[in-house]
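Worksheet for the structure shown next.
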Amino acid sequence: MTKKMKKVRILICVGFVLLALSGYSQASYAFKVLANKGANEYKSGDTWQPIKTGLSLGVGDEVKVSENAYLGLVSATGKPMELKQAKNYKVADLLSQVGSGTSVMSKYTDFILSSNSAEAKKNRLSATGAVHRGEPTSLSVYLPSAQNSFVYNNYMFVIWEAPKSGGPYVVTLLDFYDEEIAKFDTPETSLKIDLNDPRLAKKPHFLVQVSSKADAKTRSDGIAVKRLDAAEREKINKAYAEISGDVKEETPIAKYMLAGFYEQHGLLIDALSSYEEAVKMAPDVESFTEARNEFLYRNKLATQKQ
């Protein structure tokens, strides 16, 4: 490679970095921390400090990821990034990797952070209390009431609280005349349902009921699930198209961000499914489990125990 070519290549690289940085000129931060596991630290100036969820990182900052740790970031323009390798990272270098451009995704991640903040949790507990009660034979399924029972995706997770009788469990899908459509056995307290299953594909709505095999009296009520109509689906399709490029990768941080998108559009079943996928992908990252639980509490799908 000639000296001239090397010089051109260097100028191109520098130009790309400057272009990426210019996208953050109007933002007060470069990245925000969405999820954190381990003794990770950041340096702003000369001092290293512990990283906490919700932290804003500046362009001039540096990040230190510890062994067996995880860091889930989102850029000011809504681009997700995961850091798993134990090493030091300069924030400016990370910015050059996500590239320039803008995204509406940032408004959904801001919603996630504000909804899961310590202040939001404090306000929720003050407003609703945190006492858990239920009938001895009831089985609590984390699905919303009728007005929020719509589903957008071609799959959904059904999740429930383990009753005193324990499992295994039977998940039964019924039509609105209480005729059985499908039945599934599972030892777990969650089940992923394929809505393209031939038994379900043409059903615009159905009921979900969960029961314990250990005690036939321990069961849930039938809870309605309804598919979006064509007009509403088209609205969500358009909104999703604006953020699809940012969350196309099958990563826990992308699923986490998608949960915020679905929740803001009132699609609680899809939001919970995305949270559950993030938790299953990274079960050792407490940030995802805690965020899923906060989602359940603030939407009154579950009541926090004391």
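The values are calculated or read from the model by the stated rules, or taken from the named source; none is laboratory data. Being a predicted model, the structure only gives us computed values, none of them experimental. Note: ideal-geometry Cβ built from the backbone for every residue, glycine included; neighbour counts use all protein chains shown.
Here's the yes/no breakdown for (1) touching a strand residue (DSSP E or B) at 6+ places or on another chain (Cβ under 9 Å); (2) in contact (Cβ under 8 Å) with a residue 24 or more places away in the chain; (3) of a type outside the set (S, T, Y):
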{"site": "A146", "(1), (2), (3)": "yes, yes, yes"}
{"site": "N154", "(1), (2), (3)": "yes, yes, yes"}
{"site": "D197", "(1), (2), (3)": "yes, no, yes"}
{"site": "V210", "(1), (2), (3)": "yes, yes, yes"}
{"site": "V225", "(1), (2), (3)": "yes, yes, yes"}
{"site": "K238", "(1), (2), (3)": "no, no, yes"}
{"site": "I243", "(1), (2), (3)": "no, yes, yes"}
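Out of V59, V63, V74, V33, which single residue is part of a loop (DSSP other than H, G, I, E, B) and among the hydrophobic types (A, V, I, L, M, F, W, C)?
V59
Condition check ((1) assigned to a loop (DSSP other than H, G, I, E, B); (2) more than 19 Å from the chain's Cα centre (by Cα); (3) modelled with pLDDT under 90; (4) not basic (K, R)) across all residues:
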position	(1), (2), (3), (4)
G134	yes, yes, yes, yes
I159	no, no, no, yes
P163	yes, yes, no, yes
G167	yes, yes, no, yes
V170	no, yes, no, yes
L173	no, yes, no, yes
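On the given criteria, is K217 outside any loop (DSSP other than H, G, I, E, B), touching a residue at least 40 places away in the same chain (Cβ under 8 Å) and in contact with a His (Cβ under 6 Å, 6 or more places away or on another chain)? Walk me through how you get there before you give the answer.
Values: outside any loop (DSSP other than H, G, I, E, B): yes; touching a residue at least 40 places away in the same chain (Cβ under 8 Å): yes; in contact with a His (Cβ under 6 Å, 6 or more places away or on another chain): no.
In short, no.
If the requirement is being touching a residue at least 40 places away in the same chain (Cβ under 8 Å) and either in a loop (DSSP other than H, G, I, E, B) or on the phi > 0 side of the Ramachandran plot (or both), which of these qualifies: G266, G260?
Answer to the selection: G266.
How many residues does region 51-81 contain that are surrounded by fewer than 17 Cβ atoms within 10 Å (Cβ to Cβ) and under 22 Å from the mean Cα position of the chain (by Cα)?
Result for region 51-81: 4.
Taking the conditions exactly as written (within 16 Å of S140 (Cα to Cα), polar (S, T, N, Q) and touching a residue at least 40 places away in the same chain (Cβ under 8 Å)), does T303 satisfy them or not?
Criteria met by T303.
When only residues in region 176-198 that are more than 26 Å from the chain's Cα centre (by Cα) and surrounded by fewer than 14 Cβ atoms within 10 Å (Cβ to Cβ) count, which is nearest to K226 (Cα to Cα)?
Among those residues, the one meeting the criterion is F176.
Looking only at residues in region 227-273 that are hydroxyl-bearing (S, T, Y) and surrounded by 21 or more Cβ atoms within 10 Å (Cβ to Cβ), which one is farthest from S115 (Cα to Cα)?
S273
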